[in-house]
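Take a look at the structure set out below.
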Amino acid sequence: MQNSELIMVHIIIAASSILIGVLGKFLRPKEPNALMGYRTIRSMKSQATWKFANEYAGNLMAWSTVFAITVQIFAYFVLEPTPSIFVAVGASTLSLFAVIGVTEHQLKQRFDKDGNPKSRSQIEDRF
């Protein structure tokens, strides 16, 4: 793989990570919908779970993007071309799964099975 092709692949991976992070952080839907937002069974139980999950996951998405791009830059300069792409894709994928896992854990800790807050103070402490 030529250097210009490698740079282009890394730019595409980074741009997709940034896009996901920006969408998660700044474009939070107010109501549950079929197109956009953090949509899981637990997050769609109530308006409170929907709002919390989208704010919480959006903030985590922004931070996971920083992590993924940092790993990608490191991989680009340290590893051979093909492994650097695998590491970049792996870091992006891992960070997305981490956001889902952590957000679901927080929903379980802060809401009951019907989507009602367990306590008001836990809901106000978002991140």
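Coordinate-derived values only; no laboratory data. Values in this document were obtained by computation on a predicted structure and should not be read as measured data. Reconstructed Cβ throughout: ideal geometry from the backbone, glycine too, with neighbour counts over all protein chains shown.
Worth a mention:
- Mean Cα-pair separation over length for the chain, i.e. relative contact order, pairs under 8 Å, 6 or more apart, %: 29
- Our estimate of slack between L23 and E5, defined as 0.36 nm per intervening residue step minus the Cα-Cα distance, is 3.8 nm.
- Nearest-0.05 FRET efficiency for L79 and H105, computed from C-beta distance (R0 30 Å): 0.40
- Remark on region 1-111: hydrodynamic radius 14.8 angstrom, per the Kirkwood mean of 1/r across alpha carbon pairs.
- Linear extension gain, E31 paired with F97, 0.36 nm per residue minus alpha-carbon span: 21.4 nm
- When the Cα positions of A88, Y76, A62 are compared along the charge dipole of the chain, A62 comes out farthest toward the positive end, with charges on each C-beta of Lys, Arg, Asp and Glu.
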